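Below is one structure; the comments refer to it alone.
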Amino acid sequence: MKKINYKIVRNIVIGILTFGLPIALIIIFRNDIKNIEKIIPATGLTGPLLSILLMGILSATPIPTDPIVILNGAIFGPWIGILVSWMGNNLASVIEYYLGRGLGEVANFEKIKGKLPLGLGRFPANSVWFLLFGRFIPQFGGKIVSLTGGFYRVPIIRYLWTAFLSNLLGSILLAYGGYSLLHALIK
């Protein structure tokens with residue numbers, strides 16, 4: 001019973017931090033947005049590149065990148081925010097795929113997958129539906145799809161086009177949402 005309560009509390013805290021923290025930051029800094037809008041262009045390519053690299057670094061951790069996508073929309077505007085977020089999520093997807101592939105090799109996954117319980121050895125990880133829509137599970141969907149794709153050795157071309165498409169849709173939703181939230185608060 002305690003383990004279930006811990007998981008529920010953990011998931012609520014992660015959800016609040018994932019979506020609540022960026023929204024709180026947008027609300028806190030809404031009065032200073034004019035200053036931030038002047039500073040960001042002054043950084044040139046450094047700001048977007050740092051965001052992309054940060055998303056790539058976070059791919060190797062359990063920390064979701066959704067808050068960064070929301071902030072990218074608020075900071076860089078809708079179009080640049082979407083582009084930066086899409087590029088960062090694509091970088092993260094490739095890193096996570098190869099992490100999963102490497103872990104699968106270390107664990108000798110090809111030999112043990114037939115012995116997995118509940119038929120998990122026959123899990124359709126290379127299904128286009130799983131690869132596209134699994135990423136829309138909040139917080140960890142992208143990481144699960146990427147690592148699973150690597151473990152099951154999904155063909156790289158199929159993995160990449162599905163990742164790029166679903167990352168684009170997710171970036172549009174979250175980055176434009178961050179931009180819209182910021183401008184709704186400024187009015």
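Read-outs: derived from the displayed coordinates by stated rules, not from any lab. Just so it is clear, the structure is predicted and the values come from calculations on it, not from any experiment. Here Cβ is always computed from backbone atoms with ideal geometry, including for glycine, and neighbour counts include all displayed protein chains.
Numerical summary
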quantity	calculated
Ascending count of other beta-carbon atoms within 10 Å, so fewest first, for Ile52, Ile70	Ile52, Ile70
Two-site FRET efficiency, Thr43 against Trp79, from Cβ-Cβ distance with R₀ of 22 Å, rounded to 0.05	0.80
Proxy reagent accessibility, fewest Cβ within 10 Å first, across Ile68, Ile8, Ile172	Ile8, Ile172, Ile68
Most positive-pole-ward Cα, Ala74, Gly141, Gly44, against dipole of the stretch 42-181 from beta carbon charges	Gly141
Neighbour-count ranking [beta-carbon atoms within 10 angstrom, fewest first] of Arg101, Arg122	Arg122, Arg101
Gain upon complete extension [Leu185, Leu169; 0.36 nm per residue less C-alpha separation]	3.3 nm
